[in-house]
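All remarks here apply to the structure that follows.
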Amino acid sequence: MRILGIETSCDETAAAVLDWPLVRVRSSVVASQVDLHARYGGVVPELASRRHLERLGPVIDEALDRAATSLQELDAIAVTCGPGLVGALTVGVAAAKSLSLALALPLIGVNHVEGHIYAAFLDHPDIVLPAVVLIVSGAHTDLLVMHGRGAYEMLGRTRDDAAGEAFDKAARALGFAYPGGPAIEQAARLPRASRGAGRTDAVALPLPFPDEASFDFSFSGLKTAVLRAAGRSAGSPADIAAAFQDAVTRVLVDKTMRAARTRGARTIIVTGGVAANALLRSRMAEAAGRAGIPLHVPPLALCTDNAAMIAAAGADHLSRGECSSLRLGAYADMDITAPIPETQVGVPRNGG
């Protein structure tokens, strides 16, 4: 199968062409909106939707050109239908439905969170299950068990801010540029890599929700502690950034490893935009190595939002006979443990 994937859940306009089950990414095009939203210190939903309208057509054309593929050579269309910004999602879903109808191709709605999981399968198609999965991004901090393809059990999630959102807010409090994740990481870089970098022990910050009875996360209190530390000049911005990054990565690693041990995981998957953080990757690799559990983290280009991961998840659904109807909508919130709305087994090739 040759699948066109479309992703417009937030501020990245993306399209990709994927061969499945060969798992060959023929093309992956991502048009970032960072320049548009940087002046506001975060994503402005209405502006994001308008930019998707402007860019999605050219991005799809570029993905097809790079893949040396025509619309007539496609076998299916996969699109993110939620969770995310409804206006942004609507742009991608409308485009996918139009292509499905015009080309008489199956339409597959994809949960954005599941797409992040399948980013790991693009690099390692034969991941052994069950796997404990940490999805950590600007909008999501979820810890779950993947028992099988499409079979998920939620263990815990953030009770307030997502980890990536906390990075952005902490960076803003410290006077760093948007997006906050790379800015915090650069400021907090270890002394051997950057002279004058931050020290994790120079500022006392609370460990965010270390409760061992729960797999949930909470970063709001840590964010507030950063605001207070910055307000009273309790340390240099680099020191506060280092202490913040240390606290976030420690709790992410601790809860993920505890879940892997208690649930008998054969694999650990860490994915999402924050999975690009070098300290998180190294600490998770060390902890997984000590536990003797294989760890899979997607390449940096596949950690952030992209359409290749959406195509992969959609292709897997299609291989199980699942397709969406043309009544597929855009959903601000979606439960990964529940079926995708307007999706069933064995619908007509044009999506019904």
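So which of 231, 235, 273 is open to solvent by 10 Å² or more (accessible area, probe 1.4 Å) and under 30 Å from residue 309 (Cα atoms)?
That would be 273, the only listed residue that is open to solvent by 10 Å² or more (accessible area, probe 1.4 Å) and under 30 Å from residue 309 (Cα atoms).
Criterion first (modelled with pLDDT under 95 and open to solvent by 10 Å² or more (accessible area, probe 1.4 Å)) does residue 263 satisfy it?
no
Any residue at all in segment 82-97 that is more than 30 Å from residue 171 (Cβ to Cβ), in contact (Cβ under 8 Å) with a residue 40 or more places away in the chain, aliphatic (A, V, I, L, M) and open to solvent by 50 Å² or more (accessible area, probe 1.4 Å)?
Within segment 82-97 (the criterion being more than 30 Å from residue 171 (Cβ to Cβ), in contact (Cβ under 8 Å) with a residue 40 or more places away in the chain, aliphatic (A, V, I, L, M) and open to solvent by 50 Å² or more (accessible area, probe 1.4 Å)), the answer is no, since none of the residues qualifies.
How many of the residues making up segment 282-301 are part of a helix (DSSP H, G or I) and either over 21 Å from residue 181 (Cα atoms) or open to solvent by 30 Å² or more (accessible area, probe 1.4 Å) (or both)?
Total satisfying the criteria: 11.
From the list 316, 305, 333, which residue is open to solvent by 60 Å² or more (accessible area, probe 1.4 Å), of a type outside the set (Val, Ile, Thr) and either in contact with a Gly (Cβ under 8 Å, 6 or more places away or on another chain) or not in a loop (DSSP other than H, G, I, E, B) (or both)?
333
Go through segment 1-29 and give me each residue that's at pLDDT below 95 and of a type in the set (Val, Ile, Thr).
23
What pairs come out if I take residues in segment 215-242 that are closer than 30 Å to residue 262 by Cβ and pair them with residues that are assigned to a helix (DSSP H, G or I) and open to solvent by 10 Å² or more (accessible area, probe 1.4 Å) whose C-beta lies under 6 Å away, six or more apart or interchain?
Once the first residue is closer than 30 Å to residue 262 by Cβ and sits in segment 215-242, its partners that are assigned to a helix (DSSP H, G or I) and open to solvent by 10 Å² or more (accessible area, probe 1.4 Å) give 223/169.
Could you tell me whether residue 3 is out of contact with any helix residue (DSSP H, G or I) (no Cβ under 6 Å at 6 or more places or on another chain) and of a type outside the set (Ser, Thr, Tyr)?
Criteria not met by residue 3.
The values are calculated or read from the model by the stated rules, or taken from the named source; none is laboratory data. Only a predicted model underlies this, so the values are computations on that prediction, with no experimental measurement involved. Backbone-built Cβ (ideal geometry, glycine too); neighbour counts: all protein chains shown. Note: areas computed on protein heavy atoms with side chains; ligands, DNA, RNA excluded. Shrake-Rupley method; radii C 1.70, N 1.55, O 1.52, S 1.80 Å.
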